[in-house]
C-alpha cells in the first residue's frame, strides 16, 4: 500500500479516489484542481496496485488569535474490501505527521453518534480522546450558486 498527499497536478488520481472511495460521482477535474491548489486543503489517498482504497480529507484552519493552525479531519473512508487492514489507521497517522509538520496545535473530528463503533475505535486507537462537552452542532443549508467562486 502506498500513501500520498495529492497536490496540484494529481487531479486524475484525486477524481478516481473521490469517486471510488467516497462515492462522490459528481466530482469533476475543475473543482478538484481548485481544491488541490490551496495549501490548506489536504487530500490523502491510500492506493493498492495504483487503485485508491482509502482517502482522507482535512483542512488546516487558521485562527485570528493563534500563530499555529488547527486541523479538521473532515472525512475518511476505506473501500469495503480493504476495511480492517490498517488503511484508515495509516491515513490518520499520515495526517498526524502532516499536522505536526505544519505546527498545528490540535486535530479535531466530529463523528456521528450512531451504532457503528468502527470510527470511534479508529480515532481512539490513533490517540484521539472525546472531550466532555455540551457543544451542539448546528448546520444551515445554503442555496447553491450555479457559478461558484474559485
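The numbers here are math on the coordinates, done by the rules we state, and not lab data. Treat the numbers as computed from the prediction; the structure is a model and nothing was measured. Note: ideal-geometry Cβ built from the backbone for every residue, glycine included; neighbour counts use all protein chains shown.
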Please report the Cα spread of the range 1-69 along all three principal axes, rounded to whole Å, starting with the longest.
43, 26, 21
Just to verify a number: FRET efficiency for residue 33 and residue 75, C-beta to C-beta distance, R0 = 22 Å, to 0.05?
0.70
Rounded to whole Å, give me the distance from the Cα center of the range 47-66 to that of the range 1-15.
11
Whole-number percent relative contact order across the chain, with pairs defined as alpha carbons under 8 Å at least 6 apart
17
Multiply the residue separation of residue 59 and residue 136 by 0.36 nm, subtract the distance between their alpha-carbon atoms, and state the gained length in nm to one decimal.
25.6 nm
Work out how much length residue 51 to residue 85 would gain on full extension: take 0.36 nm times their residue separation and subtract the Cα-Cα distance, in nm to one decimal.
10.7 nm
A chain fully extended from residue 41 to residue 25 at 0.36 nm per residue, minus the present Cα-Cα distance, gains in nm 3.8 nm
Whether the range 2-125 is rounded, prolate or oblate, judged on the alpha carbon gyration tensor where a/c under 1.5 counts as rounded
oblate
